[in-house]
1. Relative contact order of the range 833-982: what whole-number percent is it, with Cα pairs under 8 angstrom and at least 6 residues apart?
2. Amide H neighbours of F329 under 5 Å, counting only residues 5+ apart in sequence or on other chains, H built in-plane at 1.01 Å?
3. Could I have the simple spin-label model distance between R208 and I428, label points 7 Å from Cα toward Cβ, reported in nm to one decimal?
4. Given the range 833-982, report the % of alpha carbon pairs whose separation exceeds 20 Å.
5. When only alpha-carbon atoms count, how far does the range 389-486 stretch along each of its three principal axes, as whole angstroms with the largest first?
6. Report the convex hull volume per residue for the range 645-731, counting only C-alpha atoms, in Å³.
7. Mind ranking 647-656, 186-195, 1045-1054 by how tightly packed they are, going by the mean number of other C-beta atoms within 10 angstrom, highest first?
8. Quote the convex hull volume per residue of the range 950-1059, based on C-alpha atoms, as a whole number of Å³.
Amino acid sequence: MNNFSGIRGRETRISKILEDIPLGIISFNADGIIDFVNPAFSKMGILYRLKIASLIGTNIFEKEIIPGVSLPEEMKELKKGFPFEKEIKNLKIADGSEISVIIKCSPFYEDDQFDGGILVLEDLKAISEAREDDLLKIESFKKVTNEITDFFFIVDSEGIIKYSAGSKMNLISYADSKNVNIRELIPNLPDDFKDILANVRAKGNEKRIILKLEMSNEPSYYECLINPLSIRQQSKFLSCVFINISGKIKSENLEERLSLFETVADVTSDGIIGVNAEGIINLWSPSVLSLTGFSDEETIGMVLWEYVPTLNQKSFNLFKKDLQQIHFFKKQILILNNLGIEIPVYASFLLGDEDNILISLSSASKEIQLQDFKFFEENFRNFVTKADIIVLRLNDIGIIEYLNPAFISQLNFQEEEAIGKNLNEFLIAESKLAFESYQDRSYTQEIVLLNKRGEKIYYRANIIPLYSNNILDGFNIYLIDLSDKKKEEKDLQLFKFLFANTKEGIAVENKGIIIAANNAFGKLFGYSLGNEIIGKDILDLAATNDVLKIAEYLQLYQTKKELSQRFEFSGKRKDGSTFSCELTPSSFEIDGSWYLVLIIRDITERKQAQQVIRESEEKYRNLIENIDDFLYTFERSRLFFKPVFFTSSVNKITGFSQTEMLNDSKLLFKIIHPDDLVNVKENLKNFSKSRNKISIELEFRIINKQGNVVWVRNKLSVVRNEKAEVQKVYGLVSDISLRKKAEEELKKSTQNLVKLNETKDRFISIISHDLRTPFSSILGFTDLILHDDSLSNKERNQYVSYIQESSNAMLSLVNSLLDWTRLQTGRIRFEPERVEVSEIILKSINALAGAAFQKNISINSAIQKNLYVYVDKDLIVQVFNNLISNAIKFTKEGGSITISATPLQHTRFYEFSVKDTGVGIKPEDAKKLFGVDTKFTTEGTAGEKGTGLGLSLVKEIIEKHGGTIRVESEPGSGSNFLFTLPVASANILLVDSNTTDRILYSKILKHITSDYNIDTVANGREALNKISASTYALIITEHNMPVMGGYDLALELKKLDMKVKPPVIILSNSVERETIDDYNEIGVEQVFQKPVNLSLFKRAVEKALHQGLK
């Protein structure tokens, strides 16, 4: 069955009521073309000679719609947004008589643009005659709306409610639904409901939506019918009618129940109605059709209270509960016929099967009609009481006789403060009403009332004179609050003012053409006024180079792509000059057409400032990134400080990246050398407590990521708050390792000079004493030989042997002194090379074998072949000669001497041992062995004598190689002299970021130095990691590399705490003279340009393997 045919009938009745309103209505568009004329217009006495068809399409600005009435000035004002009302008196009509009419005209605005208007024509005579009928129709419209719909709303395109009615409005929690979004009242509406409204408004087609609503804790199914309210082709407003269709949704077995109920006989001649448990009609007997005029096609599936206004969902549920107890009862009700008349009847309610209910109808008496009349009178009184419109009843001179609660709530006066007073006492002077002039007809005008606080409130007053027996009895006045309208008008004026006076250029564009622009927009582009730009293409305002860019941006914006809300481009002025500007677009839609609002600012000065800042930033960035020092910033975060900034140079000094430093707020403290940490913390603590100091400078050691010790200077500056608490810390950290090393070397040099000076004194003492003794012996025995003739040959020979012995002792002493002084002054050439140590030891043993043989002493070497050390061969031979010679000297006959070597852990040195079975050394004498100033010497086991300088010379040679020497001895148990020498590496490290070059030069080096292994890495940072873990005889590196280049690698090597450092050779694709000089300054002498001369390169490699990096 068709569940909606009844709804169609109700819509028809509503339209009929609207059409019968005794007002002539014309609407027209922005160009003045009439697009609608209502049927009532032709009934106006003044236009009897006109047909409606002849008005459609006519231009109201050019043609006299009312013969003899011209409105050119009023129409001009209308286009500016000003409505008008004009009374035309003594106007002759077709039959020759005269009438008076009122013409009212209001403009339409769409997004602040004039979009046409509506003209209303009131025939004063017709109004007077039809007033009573009109009031009845208006009340009927309200009643019909309430009775035929559950919910009825008039909304704008955003869903804001402008009017509401319906029998179920009491189920909505909002006391006042006006200006509330419909979604707040009906939360189950679809998410795209706003789009649905826009679509209905644009196309003019009806839209139906089925939805489930929770009303009175019971779910109900509703159909929402959405239609445009159109007196023109398009309107801002739409109607939303909600109709309960629960019966249709839930009646799955409807046909079976209908069949059952139709078998029940009519118990009265007035008919029977059947409903289910939800109140949905499922039976409507033919006799009910005779009573009401509604057929079963119109009623089946509708709720019962659509036709029985005395019932509602709540009362029906109570009836159901009663029926479940007593199964039958009788009640007086009203039933609605198809003319909208309520008919009183008796209704007998009978409980059927499956919770169905039968309602038997019979006619009621006139007494019931009277009771129902009182019932509806009470309903009307309730409406007036609860309405938000102020309703007043005045006597004929304006004295207030009645007022509804809205007067009290809106104006804050109590009833006793207003009753008996003239309404004019509550109006401002300009709004006083002349009641004597309102006796002939109804009037509408704006008035201003003062509330109890003296505040102005704007109202539209509908003043209706009341007559009794043709005598003025008083007035009914309806006051409608215009505060919102006035606010909208004020907001509109404010918007117009802002649009015209804002300093930012604003324009509106449609389909690429500018249709509106303020003067600021025009001046930006070199025009005097914004109107000069109207009609131009937006692309005409862009510089030639940016036309495509802005076209693409606007196209993407219109397709709703994810774009930046600010777009920069070069604008073109009227004179052809260009300037930098920034565009901020927004869009809106009217009648299916999209418009762009373009806000443009001149950013030329900002761009220039940004360029200056950019250049400044670039300058300082280059400065910061190219200095070896690094900067950092810490900020207070509650009780702690967190790092916020580190320059990239932090990696050069610490080995840690910026990210690592920022992610670990304590890393800068963690890398401080343990021996310096306490002192640094103490200094920082004292500095932090100070109220006046804002800077401090600290010098301490850190351990970088490669494990190397680096000396740094940390300059701190702080920002303190009013309590002198540190809030920010700015730091500058410099690598001062070279300076510290130079200071250390200077300190050592100073100490050495002091020591040398002391040694000089001792040297003079040795010369004056030790040399004088043998000279005295030589001179004494020489004098005896020359002058004593009595000496025998044997005595002469003995004296000569004494002279020879003294001479040899003196020569040995002089040689030792000369060797020692050469080492002290650096005059002995120090040329370390890769030497097999077993060869040196064998050479020394062979040289001293004769002395050992004479005392029957065995010399054994436990050192294997292929142990290479990096030493000066001649000097180390002298070391072994001295140590083995001393061992022979102080070892008794039949003793032994053992030479051995042991590698030391975690160092690049071997420890050598020369151990004897001799007489040993007293502890107090062991301390004197290695000092030239002490010059300790004793005779050997066979009376051998020494100079006392041999061990001093050995110590100097060992330390020259970066080693140390010590003695372990006990008297009578022999002595063990232990010393260290650097191991000679068999590895060469090649550093080059170019893979092809690494392979090529690896093969070249293999050919040149077949005894060496070649390791390769890609940059200086990797090379440092390798050097920290292994020993290399030579490093060959490329100059230009990422991460760390050759120059920085050489500098880092120079800082490393290594006794013997490998030499470095530089390779590069392009080398300038200045670069070579830089390398020479740090001790790197060999710099080659690729491709290298193999002969020169071979000689450089061979030479480098024989010398260290000085």
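1. Details: 294 pairs, mean separation 36.2, N = 150.
RCO, the range 833-982: 24 percent.
2. Sorted by chain and number, the residues that satisfy this are F349.
3. In this crude label model, R208 to I428 measures out at 5.3 nm.
4. Details: 4990 of 11175 pairs.
Tail fraction, whole percent: 45.
5. The principal-axis extents, from largest down, are 40, 29, 22 Å.
6. Details: hull volume 7.9 nm³, N = 87.
Expressed per residue, the convex hull around the Cα atoms of the range 645-731 is 91 Å³.
7. Values: 647-656: 19.4, 186-195: 13.2, 1045-1054: 21.2.
Final packing ranking: 1045-1054, 647-656, 186-195.
8. Values: hull volume 14.7 nm³, N = 110.
Per-residue hull volume (Cα only) is 134 Å³.
No lab work stands behind these numbers, since they all come straight from the coordinates. Worth saying up front: this structure is predicted, and the values here are computed from it rather than measured. Cβ sites come from the backbone with ideal geometry, for glycine too, and all protein chains shown count toward neighbours.
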